[in-house]
Amino acid sequence: MAGRVKHMKRSHKTINKHYNEYQRKASVVESRKYEMSLFDRLRSRFKHQDR
């Protein structure tokens, strides 16, 4: 039983590591999306100003 608990803890640590990496990638993607939406908004505003 003790061996199984140790194994569980270790696998949980690796799961946490992968989850953190996944979260970091997801946050990067979200921030990129946000920047692109801001850029699109600015571009549309400038297009309106051109008319």
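Every read-out reported here was derived from the displayed coordinates using simple, explicitly stated rules and does not represent laboratory data. Everything numeric in this text was worked out from a predicted model, so none of it was measured.
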Gain on full stretching of the segment that runs from residue 20 to residue 33 - 0.36 nm per residue minus C-alpha separation: 2.7 nm
Cross-link partners of residue 13 among lysines (Cα-Cα below 27 Å; sequence separation of 8 or more within a chain): 25
